[in-house]
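Working notes, structure below.
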Amino acid sequence: MISNQILQNTIDGLREITRVDLCVLDMEGQVLASTEKQPGDLSSEVAAFIISPADSQVVHGYQFFKVFDENQLEYVLLAKGASDDVYMVGKLAAFQLSSLLTAYKERFDKDNFIKNLLLDNLLLVDIYNRAKKLHIATEVRRVVFIIESSRDQINTAMDLVRGHSGLKSRDFVTAVDEKNVIVVKELAPNEGYDEMHIAAEAMKEAISMLDKEEAHIALGTIVGEIKEVSRSYKEARMALDVGRIFFSDKDIVAYSTLGIGRLIYQLPIPLCKMFIREIFDGRSPDDFDEETLTTINKFFENSLNVSETSRQLYIHRNTLVYRLDKLQKSTGLDLRVFEDAITFKIALMVVKYMKYMETLDY
């Protein structure tokens with residue numbers, strides 16, 4: 001369960017303190033980690049030690065120790081030397097490895113629980129029973145983050161988020177697929193969405209250590225009970241998708257800020273096509289030339305303000321009015337009228353959504 005790298009780091013640390021060389025072997029006598037050049041073939045000695053009732057013994061200048069995971073023998077530990085001091089170091093090292101096994105098993109159990117919780121694989125009664133056994137609080141505020149990650153570096157990304165984004169011991173970092181890191185974060189009573197945006201920035205900075213490209217992070221709504229965590233996860237997934245379509249310029253997108261994009265994302269494609277056909281008589285609003293589209297987008301950015309839009313476009317007010325009149329003649333929509341402007345804005349978003357869905361089909 002524990003990686004060889006973790007075993008190596010552990011005995012390296014013990015070697016630094018005690019100056020005693022240590023070696024960890026599996027049940028077949030294969031070396032998993034060592035602080036010195038690997039000893040000779042000790043497979044027969046390990047096999048004999050495993051079946052013996054002794055917890056430790058001295059063989060060929062090494063003290064052998066058994067490392068248990070509860071009552072299951074997991075490793076054989078070798079400490080170089082036959083003195084009483086080496087014996088004490090070996091016993092301490094064996095105890096440390098046993099504690100690591102227990103900690104990793106508990107972490108695995110919690111990770112498994114969180115994954116099933118996110119995916120709605122648990123009955124309501126099981127959620128509360130398992131949370132109680134794992135000492136996970138059930139009535140605290142939490143929110144789910146999803147961080148896009150490289151498919152072949154998901155484990156490294158998880159370690160970076162755990163170690164470099166300021167997460168606390170009661171926050172969970174996991175993955176339910178090969179693409180995204182998921183963080184289930186517990187909130188303090190005085191924390192809200194502003195603080196969660198800061199937390200997302202820290203996660204983004206941590207991921208940037210892995211990849212030069214900008215990370216994209218989405219978060220769901222804050223929920224008050226553990227049974228609602230799966231809802232926050234689903235919202236974060238939607239925010240990630242909707243963010244790709246309508247907020248491609250943003251690296252962090254919250255479900256609560258999706259606005260009308262959230263509704264459009266849930267529309268069936270046939271209904272979208274019918275809407276565009278009825279409004280524009282078969283034309284698409286993105287068929288206009290670049291100058292017209294720039295004018296439209298800038299007009300929307302300035303809340304339909306003619307004077308401010310003409311100033312930012314460096315054109316005369318009458319030129320802008322002429323462009324808007326021309327657009328009205330071709331579409332029947334006057335963007336200076338709020339209702340027509342809303343219709344046109346929604347149409348632009350619907351077309352963007354349809355184009356995104358087409359890319360998924362290929």
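Scan segment 206-216 and give yes if some residue there is surrounded by 14 or more Cβ atoms within 10 Å (Cβ to Cβ), modelled with pLDDT of 90 or more and acidic (Asp, Glu), otherwise no.
Within segment 206-216 (the criterion being surrounded by 14 or more Cβ atoms within 10 Å (Cβ to Cβ), modelled with pLDDT of 90 or more and acidic (Asp, Glu)), the answer is no, since none of the residues qualifies.
Could you list all residues from segment 173-205 that are of a type in the set (S, T, N, Q) and either in contact with a helix residue (DSSP H, G or I) (Cβ under 6 Å, 6 or more places away or on another chain) or surrounded by fewer than 17 Cβ atoms within 10 Å (Cβ to Cβ) (or both)?
Once the filter is applied, which keeps residues that are of a type in the set (S, T, N, Q) and either in contact with a helix residue (DSSP H, G or I) (Cβ under 6 Å, 6 or more places away or on another chain) or surrounded by fewer than 17 Cβ atoms within 10 Å (Cβ to Cβ) (or both), segment 173-205 yields Thr174, Asn190.
Kindly indicate whether Glu139 is in contact with a helix residue (DSSP H, G or I) (Cβ under 8 Å, 6 or more places away or on another chain), open to solvent by 20 Å² or more (accessible area, probe 1.4 Å) and part of a loop (DSSP other than H, G, I, E, B).
yes
Only one of (1) at pLDDT below 90; (2) open to solvent by 40 Å² or more (accessible area, probe 1.4 Å) fails for Leu271. Which number is that?
Tallying (1) at pLDDT below 90; (2) open to solvent by 40 Å² or more (accessible area, probe 1.4 Å), Leu271 fails exactly one: (1).
Give, as residue ranges, the helices (runs of 4 or more DSSP H) completely inside segment 200-318 that count at least 2 residues that are touching a residue at least 24 places away in the same chain (Cβ under 8 Å) and small (Gly, Ala, Ser).
229-246
Of the conditions (1) assigned to a helix (DSSP H, G or I); (2) touching a helix residue (DSSP H, G or I) at 6+ places or on another chain (Cβ under 9 Å); (3) at pLDDT 85 or above; (4) not polar (S, T, N, Q), Val125 clears all except one; give me its number.
(2)
Using beta carbons and a limit of 6 Å, which pairs, at least six apart or on different chains, have the first residue in segment 82-97 and within 14 Å of Leu7 (Cα to Cα) and the second one buried (at least 16 other Cβ atoms within 10 Å of the Cβ)?
Pairs that qualify, where the first residue is within 14 Å of Leu7 (Cα to Cα) and the partner is buried (at least 16 other Cβ atoms within 10 Å of the Cβ), are Ala93/Leu14; Ala93/Leu22; Ala93/Leu77; Ala94/Phe65; Ala94/Val67; Ala94/Leu77; Leu97/Val67.
Of (1) crowded, with 16+ Cβ neighbours inside 10 Å; (2) assigned to a helix (DSSP H, G or I), Gly29 satisfies all except one. Which?
(2)
So which residues in segment 125-148 are out of contact with any Asp or Glu (no Cβ under 6 Å at 6 or more places or on another chain) and within 22 Å of Arg237 (Cα to Cα), if there are any at all?
Ile127, Arg141, Val143, Val144, Phe145, Ile146, Ile147, Glu148, listed by residue number.
I need a count of the residues in segment 264-293 that are under 38 Å from the mean Cα position of the chain (by Cα) and under 16 Å from Ser330 (Cβ atoms).
The number of residues fulfilling the criteria is 7.
Report, by residue number, each residue of segment 32-72 that is open to solvent by 60 Å² or more (accessible area, probe 1.4 Å) and hydrophobic (A, V, I, L, M, F, W, C).
Correct list: Ile51, Val58, Phe68.
The values are calculated or read from the model by the stated rules, or taken from the named source; none is laboratory data. Source: prediction; values computed, not measured. Methodologically, a virtual Cβ is constructed for each residue, glycine included, from the backbone with ideal geometry; neighbour enumeration extends over all protein chains shown. These area figures cover heavy atoms from the full protein model, side chains too; ligands, DNA and RNA do not enter into them. Shrake-Rupley method; radii C 1.70, N 1.55, O 1.52, S 1.80 Å.
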